[in-house]
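What follows is a set of notes on a single structure, which appears directly below.
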Amino acid sequence: MAKKKPEELRSHRWYGAEDMRSFGHRSRTKQQGYAAQDYAGKPVIGIINLWSEANPCHTHLRTRAEEVKRGIWQAGGFPMEMPALSPGETIMKPTTMLYRNFLAMETEELLRANPIDGAVLLGGCDKSIPGMLMGAASMNLPAIVVPAGPMLRGYWQDKTLGSGSDVWKYWAEKRAGNISDKEWGEIEDGIARSFGTCMTMGTASTMAAIAESLGMTLPGASSIPAPDSNHSRMASLSGRRIVEMVWEDLKPTDLMTTRAFENAVRVAMSMGGSTNSIVHLIAMAGRAGAELDLDKFDALSRATPFLCNVRPSGKYLMEDFYYAGGIRALMVQLRDLLHLDCRTANGKTLGDNIEGAKVYQEDVILPRNKPLAPEGGVAVLRGNLCPNGAVIKPPAVEPHLLKHSGPAVVFKDYNDMNARLDDPNLNVTKDSVLVLQNAGPLGGPGFPEWGQLPIPQKLLKQGVRDMVRISDGRMSGTSYGACVLHVAPESFVGGPLALVQEGDIIELDVAARKLNLKVSDAELARRKAAWKKPAPKYPRGFGLLHSLHVTQADKGCDYDFLEGRAPIPEPEIH
Ligand code: FES
């Protein structure tokens, strides 16, 4: 393959010309203490670093950025670290999802506006990887992801604790009166023992695996626990590799093809990955010019066995997954279902990269003849309640609820739910269907993770731990239960979910992929005519921009003006 010449580097426009502007670029780079031989004629590598004290999952990324730089220097590149918005899932309000597209825009524009030849994308907390990859795909300079890596297992007494999943579990027990305040405090002390992302198969672990399946990381990178020294070495090797990728001009759209997205869906589904991954994958595919929609997602999920015994749908944690062989070993199990000829960041094919990988613990990564479930982790539903789709995670549902019919208990928004859920007079039984309206991309606002509605306290005390819940919101990838999510169109824009009334019968049939409201068309039309459009949530600012441009869940919730691949001119340098 013909390699680029130094004068063909994008950064050459900034540093290589002989004019007043390039004098400024060079003298100001020297101001930082770099001599001409440090950067002249070398690939400039932007490190998009999502380190922030407002994001505990990324505590180690300052150190990792230095390790990435070590690799870049050694390979003859010039690192340029650029901090970007860090969507800290546990801290940021109202929801990080409101800011995923902000990060995507920031990534794209940081790369465009600066003398960058290639990028290392350093982050991992839920929206980090999709946001950065959306921006990187749009800018389409060579890029590699260094996933932040999962934290170590949590512990309480003799039990392991999983991020999120065990919070929901023990919170329900506390509300049922089975856990004391002291024990709750002990769980708080033991559940997050190191830096790194959630160590369940939540959105962060799913999106890291997706980045690797798309070919956008080094082989095996997505499974390494954050505190493991292998993680540091992976960071440094990624720094080395991105320099070569620039010379080879190996760009995101060379890797993030329609076939690579099919691999990513397969891998995510075999892992019982987060429902959030659907929204992110559709948005990322849109940026890369690849084809992916809800129906394709469902078809691939139906034809992919669920092999990964990791919480919330399974038993173990990401640390166990790594020791069991990690993602390369999992991909070996799926070999016949994957497009092995897809190229990846190291220049080799996916097939080359998984060669020789082995499963060391068959209870964690299950063999094909003993899957956790024959189908993948997510089902796409259709029906008069969700004409443009809704999703559910069948392996996380109590089996008797996979086909269910019951009367609706309707909450008009999150505050209404909080105010009434535990009221002893709430007219609810274990057969009721809890409905939460106004939790979508516009109504939340920002598509918050409210979709795992808590079980009403009086049912918890009767021993109920799962029931059918429906919303136009998302749920944390670490959650579980019979939660129908992402109902589209959302209630805030007048979707059928807005028309549900107390006592209406709702029918869910996961095997048939159906979700229906047993109310006549004439009655629904009458209710729709009486429906009043809610007042906008934001009078100005970023929230208003979001409100004016966000697409619905089935389209990936990107902004309409960021979609597609229409070329944007390079900045003039003058
Ligand atoms: Fe950051 Fe879960 S809170 S990955």
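At a glance:
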{"read-out": "Residue check for ARG62: basic (Lys, Arg), at pLDDT 95 or above and within 16 Å of the ligand (Cβ to nearest atom)", "value": "no"}
{"read-out": "Which numbered condition PRO225 fails, given (1) part of a loop (DSSP other than H, G, I, E, B); (2) in contact with a strand residue (DSSP E or B) (Cβ under 9 Å, 6 or more places away or on another chain); (3) over 15 Å from GLY325 (Cα atoms)", "value": "(3)"}
{"read-out": "Test for PRO219: is it farther than 28 Å from LEU98 by Cβ and of a type outside the set (S, T, N, Q)", "value": "yes"}
{"read-out": "Odd one out for ALA172 among (1) in a helix (DSSP H, G or I); (2) within 16 Å of the ligand (Cβ to nearest atom); (3) of a type in the set (A, V, I, L, M)", "value": "(2)"}
{"read-out": "Verdict on ARG193 being without any contact (Cβ under 8 Å) to a residue 60 or more places away in the chain, basic (Lys, Arg) and either assigned to a helix (DSSP H, G or I) or within 16 Å of the ligand (Cβ to nearest atom) (or both)", "value": "yes"}
{"read-out": "The stretch 82-133, subset assigned to a loop (DSSP other than H, G, I, E, B) and of a type in the set (Ser, Thr, Tyr), residue farthest from the ligand (Cβ to nearest atom)", "value": "THR95"}
{"read-out": "Flag for PHE78 being surrounded by 17 or more Cβ atoms within 10 Å (Cβ to Cβ), more than 17 Å from the chain's Cα centre (by Cα) and among the hydrophobic types (A, V, I, L, M, F, W, C)", "value": "yes"}
{"read-out": "Of all residues in the stretch 31-59 being within 14 Å of the ligand (Cβ to nearest atom) and not in a loop (DSSP other than H, G, I, E, B), the one that is surrounded by the fewest Cβ atoms within 10 Å (Cβ to Cβ)", "value": "PRO56"}
{"read-out": "Residue count, the stretch 105-129 (criterion: within 14 Å of the chain's Cα centre (by Cα) and closer than 16 Å to PRO142 by Cα)", "value": "1"}
{"read-out": "Of residues in the stretch 134-168 being away from the ligand (no atom under 13 Å from the Cβ) and part of a loop (DSSP other than H, G, I, E, B), the one surrounded by the fewest Cβ atoms within 10 Å (Cβ to Cβ)", "value": "ASP158"}
{"read-out": "Extreme residue, farthest from the chain's Cα centre (by Cα), among residues of the stretch 17-30 that are under 11 Å from ILE573 (Cβ atoms) and not in a helix (DSSP H, G or I)", "value": "ASP19"}
{"read-out": "Selection status of MET284, more than 26 Å from THR96 (Cβ to Cβ), under 22 Å from the mean Cα position of the chain (by Cα), crowded, with 22+ Cβ neighbours inside 10 Å and modelled with pLDDT of 95 or more", "value": "no"}
{"read-out": "Selection status of ARG233, more than 16 Å from the ligand (Cβ to nearest atom), assigned to a helix (DSSP H, G or I) and surrounded by 21 or more Cβ atoms within 10 Å (Cβ to Cβ)", "value": "no"}
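The values are calculated or read from the model by the stated rules, or taken from the named source; none is laboratory data. Treat the numbers as computed from the prediction; the structure is a model and nothing was measured. Please note: Cβ atoms are built from the backbone with ideal geometry, for glycine as well, and neighbour counts cover all protein chains shown.
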